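Below is one structure, written out as structure tokens, with a few remarks after it.
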Amino acid sequence: MKKTRLLLMLACSLFVVTAQAKTYQVGVALANFDLNFVSILRSQMARELAAQQLQGQFVDAKGDVALQVQQVDDLINQGVDAIILNPVDTQGVQPMITAAQRAAIPLIFVNRKPEVPLSGATAYVGSDSALSGRLQMEALAKKMNYRGNVAILMGALSNEETRERTRAVEAVIAKHKDLKVVEKQTAKWQRNEAVDVVSGWLLNGTPNDAIAANNDEMAIGAIMALKQAKKNGVLVAGIDGTPDGLQFIKNGDLAVTIFQDAKAQAIGAVQVTRAMLDHAKTEPYNWIPYATVMRENYPQFAQMNQK
């Protein structure tokens with residue numbers, strides 16, 4: 001009898017150890033590995049997944065909405081315990097939400113806010129896109145003495161970030177009678193695309209006093225185009241505070257950027273995922289603050305947003 005009881009106790013102990021030792025599998029579906037900010041998110045999430053003892057599997061949608069939907073389905077079919085999603089199209093997320101809900105697994109959005117209400121085992125970790133556009137244009141307008149022509153470089157038109165940042169920039173401009181939007185075009189978040197767009201503006205001869213770009217990569221592309229054309233006196237502003245963007249701030253080429261904390265977003269997304277897996281209480285929206293960066297205060301951000 002004692003022997004039987006001992007064996008049962010050992011079996012129970014082994015069961016508890018096995019249960020405690022379970023390693024959760026987390027699928028991480030990212031919009032595009034080639035985007036600078038997404039690349040930073042990826043490396044920071046990989047570190048935090050390891051710190052949280054979670055096994056991560058990263059997939060790259062390469063900017064393709066249909067591919068991302070398929071990748072999420074594949075991750076679910078492979079039996080992941082949760083998915084962290086950086087969506088290609090913030091308006092096209094419902095199929096992936098529905099698939100995750102059917103599989104009864106948590107779905108955590110990071111960096112790009114889905115344009116549908118979130119509830120249940122879904123959450124968003126990131127920043128307020130409209131606020132970044134407002135902060136950017138307020139700082140830029142002040143440097144312009146609230147007068148002049150502004151051109152806007154937009155990100156991918158499928159993104160909530162693009163629409164909200166652009167609307168916020170336009171709203172600030174509308175408050176000042178001597179400020180005017182003279183150009184507005186997408187460069188799809190890309191540096192090379194921005195070089196082409198701004199070069200075209202310069203060839204058209206439209207007088208620009210400033211360029212407000214939806215991210216640092218496009219701002220850098222604008223600066224490159226201005227330098228190639230030997231066009232001086234145009235203020236350029238970005239958003240993200242990437243290492244490259246901060247270097248351009250240091251050099252005096254970029255007038256302002258709005259620091260978006262990739263590390264905090266990445267860590268927050270993984271920690272919310274961990275909490276959901278542990279059935280702990282979570283909030284549907286988890287906001288990460290911004291900061292305005294100019295040449296006088298950039299050193300305090302220089303070591304942040306590193307890969």
Elements of type strands (runs of 3 or more DSSP E) in the stretch 1-87, at least 3 residues being more than 23 Å from residue 120 (Cα to Cα) and either of a type in the set (Phe, Trp, Tyr) or modelled with pLDDT under 95 (or both): none
Being at pLDDT 95 or above, small (Gly, Ala, Ser), assigned to a helix (DSSP H, G or I) and open to solvent by less than 10 Å² (accessible area, probe 1.4 Å) is true for just one of 212, 225. Which residue is that? 225
Within the stretch 244-286, considering residues that are surrounded by 15 or more Cβ atoms within 10 Å (Cβ to Cβ) and among the small types (Gly, Ala, Ser), the one modelled with the lowest pLDDT: 262
Consider residue 289 carefully, then state whether it is touching a residue at least 60 places away in the same chain (Cβ under 8 Å) and open to solvent by 10 Å² or more (accessible area, probe 1.4 Å). yes
Looking at the stretch 49-83, which of the residues that are small (Gly, Ala, Ser) and open to solvent by 40 Å² or more (accessible area, probe 1.4 Å) is nearest to residue 159 (Cα to Cα)? 63
Which residue pairs have Cβ atoms under 9 Å apart, sit 6 or more places apart or on different chains, and have a first residue in the stretch 160-180 that is among the small types (Gly, Ala, Ser) and a second that is open to solvent by 10 Å² or more (accessible area, probe 1.4 Å)? 168/130; 168/131; 168/134; 168/135; 171/130; 171/134; 174/181
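The values are calculated or read from the model by the stated rules, or taken from the named source; none is laboratory data. Being a predicted model, the structure only gives us computed values, none of them experimental. Because the Cβ atoms are built from the backbone with ideal geometry, glycine has one as well, and the counts that use them run over all protein chains shown. Just the protein is used for accessible areas: all its heavy atoms, side chains included, with ligands, DNA and RNA removed. Shrake-Rupley method; radii C 1.70, N 1.55, O 1.52, S 1.80 Å.
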